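The values are calculated or read from the model by the stated rules, or taken from the named source; none is laboratory data. Please read these numbers as outputs of a predicted model, since none were measured by experiment. Methodologically, a virtual Cβ is constructed for each residue, glycine included, from the backbone with ideal geometry; neighbour enumeration extends over all protein chains shown. Remember, those area values only see protein heavy atoms, side chains included, never the ligands or the DNA or RNA. Shrake-Rupley method; radii C 1.70, N 1.55, O 1.52, S 1.80 Å.
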Amino acid sequence: MTRPARVWRVGDQDISLDRPAIAGILNVTPDSFSDGGRYAASREAIARGREIAAQGAAILDIGAESTRPGAEPVPAGEEWARLEPVLRGLRDLPIPISVDTSRLEVAERAIEAGAAAINDVTALRRDPALARLAARTGAGLVLMHMRGTPRTMQLDTEYEDVVREVRIALVHARRAALEAGCDPSQVAIDPGLGFGKSPDGNLELLARLDEIAAVGAPVWVGPSRKSFLGALLGAGPRERLTGSVAACLAAVRRGADVVRVHDVRETREALTVDAAIDARLARPPARSDGAAGGAAEGAPDGAGPAPPRAAGGNG
Ligand code: HH2
């Protein structure tokens, strides 16, 4: 198996993947499935972007066109009009920004306005020239698997083997990006939970995420508040926090490098606890007789070596 890249290169920055990173979601749309309309005004969106950075996200992912099932595309001018004031207002953000767009003209403008990465939910199917743009500018590129378009994707969610099909499609898309001149460290892949998948298909993709991680690219995954969690829990989009966090933990244990989430603080806390438990494996055993042990013999809590990524890409 190829060793996963340990950084994801976005513009002139490296996002370390030694520990799982969080992409915080900011939707500046009137109609996103769980937070539509909430941050449609730029002032609220800018404040939420700053909050996401302060809560521990490694990257802020801003979307201006909903991709929920059945969503109609918005004109490029409208997409850019929603994005521009928010990008300008967040120019000094201490973390890089990715823009969730699959349109070349929007991506070009976003990079000019300071975005460091493009999150393309069509994996170059809508606009293959995005790969050349990333190669030319050094922007990070996320290639996400989707069957069809948001309007059609849930009409057929049957696969012979969903993991195999998604992996092959992502390998092809990544190869196209590399052939266009992208460096491998720039190009992340994402199985696209909820994009043309049944509830079982999403669970299968999470259960066998190590097979996607075996491709060797940084792996993004976005279970946050999605309807397969609602199907399991009988909960509406705003009531899926616990399920989302559980899915993120399961994903990082199977090789996810970046989890794309709405609830950054809660996810960060869960990942911190998970990492602290794993870190025990890299230290001398703690004594159980009440005497000082473990941390007292070594580094203070939280300052130890990066934990081994349990099953990190290796199943
Ligand atoms: N999911 C959504 C949008 N963009 N990008 C990646 N790479 N991976 C994902 O799983 C993903 C994505 C859908 O979620 P959300 O942005 O909350 O909703 P909407 O598309 O309705 O704005």
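Quick look at the values:
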| item | result |
| --- | --- |
| Test: Gly196 is open to solvent by less than 60 Å² (accessible area, probe 1.4 Å), over 16 Å from the mean Cα position of the chain (by Cα), on the phi > 0 side of the Ramachandran plot and within 16 Å of the ligand (Cβ to nearest atom) | yes |
| Qualifying positions in segment 199-229 - more than 21 Å from Gly148 (Cα to Cα), within 14 Å of the ligand (Cβ to nearest atom) and charged (D, E, K, R) | Arg225 |
| In segment 37-61, residue modelled with the lowest pLDDT [restricted to those that are in contact with a Pro (Cβ under 6 Å, 6 or more places away or on another chain) and open to solvent by 30 Å² or more (accessible area, probe 1.4 Å)] | Ala40 |
| Residues (of a type in the set (Gly, Ala, Ser) and surrounded by fewer than 19 Cβ atoms within 10 Å (Cβ to Cβ)) located in segment 215-233 | Gly216, Gly230, Ala231 |
| Close pairs (6 angstrom Cβ cut-off, 6 or more residues apart or separate chains): closer than 19 Å to Asp61 by Cβ and among the small types (Gly, Ala, Ser) in segment 203-231, open to solvent by less than 10 Å² (accessible area, probe 1.4 Å) and more than 12 Å from the ligand (Cβ to nearest atom) anywhere | Ala217/Val187 |
| Failed criterion for Pro30 (all others in (1) away from the ligand (no atom under 11 Å from the Cβ); (2) open to solvent by 50 Å² or more (accessible area, probe 1.4 Å); (3) without any contact (Cβ under 8 Å) to a residue 40 or more places away in the chain hold) | (1) |
| Sole exception among (1) within 14 Å of Gly138 (Cβ to Cβ); (2) out of contact with any helix residue (DSSP H, G or I) (no Cβ under 6 Å at 6 or more places or on another chain) for Gly77, by number | (1) |
| Filtered residue count, segment 33-60, keeping only those that are touching a Lys or Arg at 6+ places or on another chain (Cβ under 6 Å) and within 9 Å of the ligand (Cβ to nearest atom) | 2 |
| Within segment 254-278, tally of residues that are open to solvent by 10 Å² or more (accessible area, probe 1.4 Å) and among the polar types (S, T, N, Q) | 1 |
| Residue list for segment 149-170, restricted to those being closer than 9 Å to Lys197 by Cα and either polar (S, T, N, Q) or exposed (fewer than 13 other Cβ atoms within 10 Å of the Cβ) (or both) | Gln154, Asp156, Thr157, Glu158 |
| Tally, over segment 69-95, of residues that are in a loop (DSSP other than H, G, I, E, B) and either more than 10 Å from the ligand (Cβ to nearest atom) or surrounded by fewer than 17 Cβ atoms within 10 Å (Cβ to Cβ) (or both) | 12 |
| Residues within segment 235-282 that are touching a Phe, Trp or Tyr at 6+ places or on another chain (Cβ under 9 Å) and not small (Gly, Ala, Ser), tallied | 5 |
| Segment 5-27, subset within 16 Å of the ligand (Cβ to nearest atom) and in a loop (DSSP other than H, G, I, E, B), residue most open to solvent (accessible area, probe 1.4 Å) | Pro20 |
| Test: residue in segment 281-300 that is farther than 25 Å from Asn27 by Cα, modelled with pLDDT of 80 or more and open to solvent by 70 Å² or more (accessible area, probe 1.4 Å) | yes |
| Candidate set from segment 138-172 (those that are without any contact (Cβ under 8 Å) to a residue 12 or more places away in the chain and among the acidic types (Asp, Glu)); member that is nearest to the ligand (Cβ to nearest atom) | Glu165 |
